[in-house]
Amino acid sequence: MKISRQLPQFSKQTALLVVAGQLGAEIYLAKDGEVAKILSFDLPKPRYSDRAGRFIRRGRGRVMSFGAVRDVDKGGQNKEFIRVLTARVKTETDKKKNLSASYVYAPGHLIKQIKKALAPLLGKSYKMSFRGNYLGRHPFILLEMVTARRSRRADKKLVRPTRLEAVKILNNESIPSPRRE
């Protein structure tokens with residue numbers, strides 16, 4: 001799909017957008033004014049059929065509470081997701097060896113782990129990461145975020161004068177000359 005003119009066009013470069021969610025991911029490729037989804041996957045949520053970890057709480061001859069703990073192993077689930085994501089990104093980066101920019105969008109609790117896992121694959125092409133769950137969002141929204149971050153970084157690089165005289169000169173205001181008596 002063609003990229004809107006107000007967004008980065010990536011005319012002389014190839015950009016990879018890696019968008020991760022809780023258990024799913026999408027990968028976009030932006031090049032020559034066009035962006036395309038090249039990969040999408042979802043890992044299934046684990047389902048439990050047994051009552052492992054069942055407990056009963058008793059006291060004074062009565063059953064006060066009972067239940068079963070069906071906790072999902074979130075640590076193992078996250079590791080499996082990152083392993084699959086890394087493998088899929090590796091196959092895509094091997095196909096497109098001339099990547100010049102890559103952007104990562106991931107939830108806050110996974111972003112450090114994902115950046116660490118993808119760092120060897122993306123190398124010097126890695127530019128920015130965005131914290132949040134942007135899975136399923138339109139690619140133009142993702143590119144708008146890149147544009148906004150670039151403009152904020154450019155504003156930080158501007159040198160702002162600290163003296164009142166310099167501000168007045170830059171704003172084309174007249175500076176009163178010192179009075180001599």
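The values are calculated or read from the model by the stated rules, or taken from the named source; none is laboratory data. Predicted model, so just to flag it, every value in this text is computed and none were measured. Neighbour counts run over all protein chains shown; Cβ positions are idealised from the backbone, glycine included.
Restricting the range 1-43 to residues that are among the charged types (D, E, K, R) and more than 17 Å from Ile141 (Cβ to Cβ) leaves a set whose member that is surrounded by the most Cβ atoms within 10 Å (Cβ to Cβ) is Lys31.
If you check Lys90, Lys97 for being over 18 Å from Ser40 (Cα atoms) and charged (D, E, K, R), only one passes: Lys97.
Entry remark, the range 14-65: residues being in contact with a Lys or Arg (Cβ under 7 Å, 6 or more places away or on another chain) and modelled with pLDDT under 70 number 3 in total.
Quickly run through the range 79-113 and pick out the residues that are among the hydrophobic types (A, V, I, L, M, F, W, C) and without any contact (Cβ under 8 Å) to a residue 12 or more places away in the chain. Give the derivation first.
Kept after step one, since they are among the hydrophobic types (A, V, I, L, M, F, W, C), are these residues of the range 79-113: 81-82, 84-85, 87, 89, 99, 101, 104, 106, 110-111.
Of everything in the range 79-113, just one residue is among the hydrophobic types (A, V, I, L, M, F, W, C) and without any contact (Cβ under 8 Å) to a residue 12 or more places away in the chain, namely Ala87.
Of all residues in the range 125-169, those that are touching a residue at least 24 places away in the same chain (Cβ under 8 Å) and among the β-branched types (Val, Ile, Thr) total 2.
How many residues are in contact with a Gly (Cβ under 6 Å, 6 or more places away or on another chain) and of a type in the set (Phe, Trp, Tyr) when one looks only at the range 103-155? Going through the range 103-155 one residue at a time, the tally reaches 0.
Among residues that are surrounded by 11 or more Cβ atoms within 10 Å (Cβ to Cβ) and either out of contact with any Leu (no Cβ under 6 Å at 6 or more places or on another chain) or among the polar types (S, T, N, Q) (or both), Gly108 is not included.
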